[in-house]
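Report on one structure; see the data block that follows.
Read-outs: derived from the displayed coordinates by stated rules, not from any lab. Computed from a predicted model, the values in this text were never measured in an experiment. Glycine gets a Cβ as well: all are built from the backbone with ideal geometry, and neighbour counts include every protein chain shown.
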């Protein structure tokens with residue numbers, strides 16, 4: 001087999017492949033066996049008819065089609081490996097010459113990872129916010145903890161903001177009932193924003209047994225983007241009574257004996273969370289600075305795929321209806337054109353970020369060990385509410401396992417650059433990056449790579465219940 005690589009642009013190549021028929025003998029053997037199983041020829045058992053008999057019965061063309069369809073992807077991969085081409089996405093194949101019993105020639109146009117020239121990565125400087133925990137923030141955290149241990153008590157008064165109500169809901173659009181919007185005995189906290197827009201205003205002031213009506217725009221389902229007439233009946237009203245913030249509560253809700261110790265612990269945890277946020281802020285600022293200064297050519301097909309993926313996610317709950325999407329956007333004061341413009345910009349930034357971090361990872365010789373990959377898989381599995389084994393199985397079936405590996409590697413590469421930077425807070429104090437990212441030689445994934453996990457852990461009170 002002969003192959004050459006022709007550079008079409010910084011992000012796309014054409015691979016020309018020439019395969020003599022001598023190399024296709026295994027493909028022909030498999031093609032004959034497959035076709036023989038599908039064709040019934042008198043005098044021969046299924047799969048046992050000789051090649052010459054098959055060709056006399058069905059002709060040469062079906063055999064050639066089978067051989068070509070099987071050989072092209074395999075020979076393409078051989079050419080990619082031989083040319084050390086770093087491909088992105090799926091290729092566009094074209095058979096340019098097919099001379100039976102002589103030669104098969106084809107081309108494959110495919111996006112590639114562009115060559116990116118990195119600047120000096122030492123000595124980057126950024127400034128982040130100070131770590132400052134106010135008394136109000138500590139009290140807010142304490143109130144959230146008290147709410148977890150609160151009790152609900154029925155009241156004989158109109159519903160107020162913050163109350164819990166049991167409600168029945170029904171909705172119609174132009175007189176047609178919206179089945180997915182109908183429910184009974186639904187528990188709802190007024191002001192939580194967990195239901196449709198306008199429901200809080202309708203419920204506040206209503207007594208148990210009273211029905212209120214209002215109009216809202218539906219954001220999902222068959223009638224997404226359309227106005228619906230909603231009827232809400234309040235069945236009961238309950239208020240949440242919070243335990244007193246005293247030593248008894250501290251002993252109930254935590255490992256501490258006094259409320260002062262609990263408040264000190266909450267303050268310390270808020271400070272840790274804000275330190276993690278400093279790391280995230282430094283990471284994001286350094287990445288933005290690199291994206292602004294480094295030229296990253298964009299592979300067109302890869303960007304198109306990213307745009308389509310993001311658009312698919314956006315309209316998935318709208319029955320994949322662009323009309324429904326346009327109606328939802330209209331309710332938000334945004335046009336479909338503005339949405340598409342933002343989508344394109346976000347997709348381009350995402351692709352540029354991935355390509356830049358892949359280049360940095362290569363430059364830094366960043367690797368991912370089994371423990372780090374396992375940690376990410378467990379975290380993702382918990383997010384989706386499945387077991388790690390099931391998540392891995394799904395990822396393998398969808399071809400996403402390599403993408404998970406790449407994401408962890410990119411996060412580590414970015415963390416390695418942040419470690420080399422000088423990060424100061426608004427007061428001019430230098431931030432201890434090892435406290436945020438760990439030692440440079442540490443094997444485990446830095447906390448700010450999984451900032452969402454770190455922030456959750458920082459605020460939980462102690463003792464409380466794809467590249468080829």
- Message: Starting from 0.36 nm per residue, how many nanometres of slack lie between residue 121 and residue 77 once their C-alpha separation is accounted for?
- Response: 12.4 nm
- Task: Using only Cα atoms, locate the centre of the range 155-172 and the centre of the range 322-342, then give the distance between them in Å, rounded to an integer.
- Result: 32
- Query: Quick one: if you stick a label point 7 Å off each Cα along the C-beta vector at residue 429 and residue 222, how many nm between them?
  - Reply: 6.0
- Centre separation in Å (Cα based) which lies between the range 393-429 and the range 237-293: 24
- Rounded to the nearest 5, what is the percent of antiparallel bridges among the DSSP beta bridges in the chain? 95
- Item | Cβ-Cβ FRET estimate between residue 213 and residue 317, R0 fixed at 30 Å, reported to 0.05 | 0.75
- Query: By how many nm would the segment from residue 246 to residue 330 grow when fully extended, if each residue of separation counts as 0.36 nm and the alpha-carbon distance is taken off?
  - Reply: 25.3 nm
- Message: Suppose R0 equals 35 Å. What FRET efficiency, 1/(1 + (r/R0)^6) with r the Cβ-Cβ distance, do residue 25 and residue 365 give to the nearest 0.05?
- Response: 0.25
- Rank the residues 366, 424 as a footprinting-exposure proxy: fewest other Cβ atoms within 10 Å of their Cβ go first. 424, 366
- Message: For the chain, what does the helix formula give at 222 nm: sum of -39500 (n - 2.57) over DSSP H segments with n ≥ 4, over the residue count, nearest 500 deg cm²/dmol?
- Response: -15500 deg cm²/dmol
- Note on the structure: Between the modelled labels at residue 51 and residue 393 (7 Å from Cα along Cα→Cβ) the distance in nm is 4.2
- Task: Could you calculate the contour length gain from residue 8 to residue 173, that is, 0.36 nm times the residue separation minus the distance between their Cα atoms, to one decimal place in nm?
- Result: 54.0 nm
